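For reference, the structure is listed below as structure tokens.
The values are calculated or read from the model by the stated rules, or taken from the named source; none is laboratory data. Owing to the predicted nature of the structure, the values given are computational and were not obtained by experimental measurement. No Cβ is skipped: glycine too gets one built from the backbone with ideal geometry, and neighbour counts run over all protein chains shown. For the accessible areas, the whole protein counts, side chains as well, though only heavy atoms, and no ligand, DNA or RNA atoms are used. Shrake-Rupley method; radii C 1.70, N 1.55, O 1.52, S 1.80 Å.
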Amino acid sequence: MVTLATGALTLADWAKRLDPDGKVPAVAELLSQSNEILEDAVFKEGNLPTGHRLTIRTGLPAVFYRMINQGVPTSKSLTAQIDEACGILEARSHIDVELAKLNGNTDEFRLSEDSAFIEAMNQTMAGAMFYGNPATDPRQFLGLQTRYSLSTAGNGTNIMKAGGAGSVNTSIYLVVWGENTVFCPFPKGSMAGLMQQDLGEESVPDANGNFYQALRALYQWKNGVAVKDWRYVVRICNIDTTDLVGQSGTQATAAATNIINLMSRAIDRIPNLSMGRAAFYANRTITSMLRIAALNKSSAALSVQEALTQFGAPTVETRFLGIPVRKVDQLLNTESTVA
């Protein structure tokens with residue numbers, strides 16, 4: 001018996017998508033997430049076919065006081081170059097032509113499938129922007145958590161620990177996006193963002209090597225993260241979510257490790273907020289507790305206010321001292337404790 005590959009849509013999948021009248025329904029995307037970092041990130045074409053080469057100042061020239069009739073030594077600044085690699089996130093869709101024809105509207109059916117692929121790509125890309133680690137998977141690019149993972153490292157002053165020591169930790173990130181701070185490069189000569197390419201109808205093999213006609217699509221996203229100036233990212237780590245929800249222990253209101261106190265301190269780790277677009281990034285647990293804190297406080301420092309998305313859609317946005325707090329469902333509640 002011929003068996004379709006597990007990655008192909010089956011008749012059972014089709015049946016689950018049909019309304020009683022035989023039309024393609026509007027699928028309830030129960031697996032969709034909010035990963036608003038993808039809306040904020042600054043994208044820039046890289047200067048390499050595989051990413052972007054950064055030139056970073058590593059030392060200032062020596063300067064001197066002088067006396068009349070006396071000269072001073074020459075000096076120079078020091079620089080270093082770092083290559084930031086991009087990853088290629090890719091997926092393919094093969095839909096049996098006869099399957100797509102069943103309701104007489106192949107375009108509508110394919111659109112239904114496209115939306116699922118786009119959501120999967122968005123979730124994977126948002127996760128990689130934090131947790132990407134070429135040391136464990138050389139196909140990935142270097143994410144923010146991987147860069148800010150050791151408090152004794154050179155960038156350790158921008159890693160703030162919230163006191164958690166268990167297995168229910170999460171993090172908050174403050175990022176200032178800009179071409180001279182933090183941005184997302186894409187390879188030289190390519191395009192920014194997610195690309196969907198209709199490859200048309202073609203004969204493709206099934207699991208047994210037999211061919212059938214399929215409508216093929218390619219989804220691709222070439223992207224990376226470039227931190228040109230490490231001072232423009234602050235990670236608040238070791239946030240015990242149990243303490244946070246209970247507003248006790250390390251997250252008691254009066255605790256020095258309370259996230260409100262650490263978020264305020266994080267802002268002062270940034271040399272110059274006017275260098276780009278600043279935003280805090282946190283998961284659903286953090287953002288919900290921040291709204292509770294906003295409702296409980298009489299101060300206007302933490303507020304919930306109306307705003308517009310970059311697409312002009314109205315929304316209610318949580319802000320801390322004027323900086324938006326953006327929701328990223330890909331940020332875990334099971335992070336390891338940072339030493």
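Below are the figures for this structure:
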quantity	calculated
Region 126-148, residues that are aliphatic (A, V, I, L, M) and touching a Phe, Trp or Tyr at 6+ places or on another chain (Cβ under 6 Å)	LEU144
From the options LEU199, LEU194, LEU215, residue that is more than 28 Å from ALA80 (Cβ to Cβ) and surrounded by fewer than 16 Cβ atoms within 10 Å (Cβ to Cβ)	LEU199
Residue within region 41-57 that is loosely packed, with under 13 Cβ neighbours inside 10 Å, in a strand (DSSP E or B) and out of contact with any Gly (no Cβ under 9 Å at 6 or more places or on another chain) present	yes
Members of region 189-236 that are on the phi > 0 side of the Ramachandran plot and without any contact (Cβ under 8 Å) to a residue 60 or more places away in the chain	GLY200, GLY209
Cross-chain or 6+ apart pairs with Cβ under 7 Å, region 141-157 first and free of Cβ contacts under 8 Å to residues at least 40 places away in the same chain and under 20 Å from TRP177 (Cα atoms), then open to solvent by less than 40 Å² (accessible area, probe 1.4 Å) and small (Gly, Ala, Ser)	THR146/GLY132
Selected residue (criterion: farthest from PHE211 (Cα to Cα)) from residues of region 66-107 that are touching a residue at least 40 places away in the same chain (Cβ under 8 Å) and open to solvent by 80 Å² or more (accessible area, probe 1.4 Å)	ILE88
Some residue of region 295-305 being surrounded by 13 or more Cβ atoms within 10 Å (Cβ to Cβ), at pLDDT below 85 and in contact with a Ser or Thr (Cβ under 6 Å, 6 or more places away or on another chain)	yes
Residue match in region 142-150 (condition: farther than 22 Å from ARG284 by Cβ, crowded, with 17+ Cβ neighbours inside 10 Å and touching a Pro at 6+ places or on another chain (Cβ under 7 Å))	yes
Long-range neighbours under 6 Å by Cβ, at least six apart or interchain, first residue free of Cβ contacts under 8 Å to residues at least 24 places away in the same chain and of a type in the set (Ser, Thr, Tyr) within region 46-65, second open to solvent by less than 60 Å² (accessible area, probe 1.4 Å) and assigned to a strand (DSSP E or B)	THR58/ALA80
Given (1) of a type in the set (D, E, K, R); (2) under 28 Å from GLY132 (Cα atoms); (3) surrounded by fewer than 21 Cβ atoms within 10 Å (Cβ to Cβ), index of the condition ARG235 fails	(3)
Within region 189-234, considering residues that are in contact with an Asp or Glu (Cβ under 6 Å, 6 or more places away or on another chain) and closer than 24 Å to VAL42 by Cα, the one modelled with the lowest pLDDT	GLN220
Residue tally, condition in a loop (DSSP other than H, G, I, E, B), under 16 Å from ALA266 (Cβ atoms) and of a type in the set (A, V, I, L, M), over region 132-187	1
